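The values are calculated or read from the model by the stated rules, or taken from the named source; none is laboratory data. Here the structure is a predicted model, which means the values were calculated and not measured. Here the Cβ positions follow ideal geometry from the backbone for every residue, glycine too, while neighbour counts run over all protein chains shown. When the accessible area is computed, the model is the full protein with side chains, heavy atoms only, and any ligands, DNA or RNA have been set aside. Shrake-Rupley method; radii C 1.70, N 1.55, O 1.52, S 1.80 Å.
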Amino acid sequence: MKSRYEAVIGLEVHAQMTTATKIFCGCSTAFGAPPNSHTCPVCLGLPGALPVLNRKVVEFAIRAGLASRCTIAPRSVFARKNYFYPDLPKGYQISQYELPICIGGHLEIETKEGARKTIGITRIHMEEDAGKLIHPGEGSGYSHVDLNRAGIPLLEIVSEPDMRSADEAVAYLRKLHQTVVYLGICDGNLEEGSFRCDANVSVRLQGAARFGTRAELKNINSFRFVKQAIEYEIERQIDLVECGGTVVQETRLFDSVSGVTRSMRSKEEAHDYRYFPDPDLVPVIVSAEWIDEVRTALPELPEAKIDRFTTALNLSRQDAELLAADRALADYFEACVAVHNNPKGCANWVMGEVLRGLNESGLSVAACPLTPENLGGMVARIDDGTISGKIAKTVFQEMWDSGKSADRIIEEKGLRQVTDSGAIEGIVDEIIAANAEQAAQYRAGKEKVFGFFVGQVMKASKGKANPQAVNDILRHKLAQG
Ligand SMILES: [Zn+2]
């Protein structure tokens, strides 16, 4: 970015809530059902059908508000947002406008430079999703309408225009994504559209008090595209202004193939929608008791988890942050520690071999073929000296492939570590006798040869000799000469 300019970015995120049923009717929210099978008079917008608010949606909105330090409105109101679109059968979307359920919160992000920065959250409101248009192909002359998605509950989370770069926008988006997934209110699946982002981008001269005219980038569905789209848009606007042009307020679409944003339509103003309170729905009243109840039941959030991992479990901050970044991974780690109380030992295997295995096989933590119970059982066998760390790698792979427990694999494959000093002494004697020349070199002060002997003894024991015992016995015997 040309340094005379600074970008101003605000994000509007739509998070689809993981309730079992829709926001104003009892239809299922399950993804991937045959078109229009999850519909009823309410979500089809049939005349006379009346919406009834799903209590769970309000609870989820309160969770999101509490986690982002918002004020929860004791009274909020649903409004009709009027516009025509073929996938919106009522001719209006039920949303919240003047009185949303959550206002004035914030989330903290870490900038690229490692500094902490607070991003304001203007509001969070509840609304229904629209249906989906399916276009069979160019020239077909018609489109299909699938209303399974109509009425699925959404939270719209609107940030303040506090971000100054594409990297900050992505950091905020990741933080928000992590938060809603931790809260168990959104599955965070970007490909299925459960978490989608609109970005408002403008540029202004450094130090200018007023914002420039903004363009809205619609429906970006990956973290990578958000970064690309915002970076492209910043450059485009600066070039435009530098050439004496003006940015127009409009909605633009990001084309992920060509990497550019294109004008879609001029941006509507709020008054174009003719918002008014929905007469079919009573105001949403949230008591202080209800808020307390939700707060008490709030799951542990990443910061609290990191604190607990560093204090109660004695992990380094770096390890704690890595494990807590993903709630499923943190749960896996804790299930492992529940079996064998060695947090550092379990953490090393989870962050090392488990993550490597998942990356290589492209699996999520939930689909990990190795159970945390089995992994904990294996770390226990390392700690009690049954197997060495080296043999553990073999056991790990076998557990991963077969699903068997460490104990069973150790027994079946005879991998028990040899700690019996008599057995090790026998091997050591043989190796020294077979390598008299090297033994003489060692005694003449060539310390490096010691490693050679350790390697030979371990090889002869098929890796099962206890390394500490091998060291001790070798030193002793070689010194005797
Ligand atoms: Zn319905």
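The Cys residues in the chain with no partner Cys Cβ within less than 4.7 Å of their Cβ are C25, C27, C40, C43, C186, C197, C243, C368.
For segment 405-481, which trypsin sites (Lys or Arg not before Pro) are both in a DSSP coil and crowded by at most 10 other Cβ atoms within 10 Å?
Here the sparse-neighbourhood loop sites are K448.
Accessible surface of segment 380-479, 1.4 Å probe: 50 percent of it comes from carbon and sulfur atoms. Using equal-weight Cα scatterers in the Debye expression, the normalised intensity of segment 5-289 in log10 at q = 0.07, 0.15 Å⁻¹ is -0.27, -1.24.
Per residue, the solvent-accessible area of the chain (1.4 Å probe, heavy atoms of protein chains only, all protein chains present) comes to 49 Å².
Take the Cα of A338, step 7 Å toward its Cβ, do the same at R475, and the gap between the two points is 4.2 nm. Of M351, M399, the residue with the largest accessible area leads and the full order is M351, M399 (1.4 Å probe).
Other residues whose C-beta falls under 12 angstrom from the C-beta of M458 contribute a net charge of +4, scoring Lys and Arg +1 and Asp and Glu -1. Applying a DSSP loop filter and a limit of 16 other Cβ atoms within 10 Å to the trypsin sites (Lys or Arg not before Pro) in segment 15-80 leaves R69.
Across segment 87-94, coupling constants 3J(HN,Hα) worked out from phi with the 6.51/-1.76/1.60 Karplus curve, θ = phi - 60°, read 9, 10, x, 6, x, 8, 10, 7 Hz, and Gly and Pro carry x. Once the Cβ-Cβ distance of R308 and R210 is raised to the sixth power relative to R0 = 35 Å, the FRET efficiency obtained is 0.20. Classify segment 421-480 as rounded, prolate or oblate, taking a ≥ b ≥ c as the square roots of the eigenvalues of its Cα gyration tensor: rounded when a/c is under 1.5, otherwise prolate if a/b is larger than b/c and oblate if not. Since a/c reaches 1.5 and a/b is larger than b/c, the shape of segment 421-480 is classed as prolate. Over the chain, the hull volume per residue, using the convex hull of the C-alpha atoms, is 230 Å³. Considering only Cα atoms, the convex hull volume of segment 300-413 works out to 94 Å³ per residue. Centre-to-centre, using Cα atoms only, segment 340-392 and segment 434-481 are separated by 31 Å.
Roughly what angle does helix 288-297 make with the longest principal axis of the chain, taking Cα atoms, 0 to 90 degrees, to the nearest 10? The answer is roughly 30 degrees.
Under the simplified labelling scheme, the A20-E300 pair shows an inter-label distance of 2.8 nm, with each label point 7 Å from Cα along Cα→Cβ.
For segment 301-404, a crude dipole built from +1 on the beta carbon of Lys and Arg and -1 on the beta carbon of Asp and Glu, taken about the Cα centre, is about 160 debye to the nearest 20. Each Lys and Arg adds +1 at its Cβ and each Asp and Glu adds -1 at its Cβ; summed about the Cα centre, the chain shows a dipole of about 580 debye.
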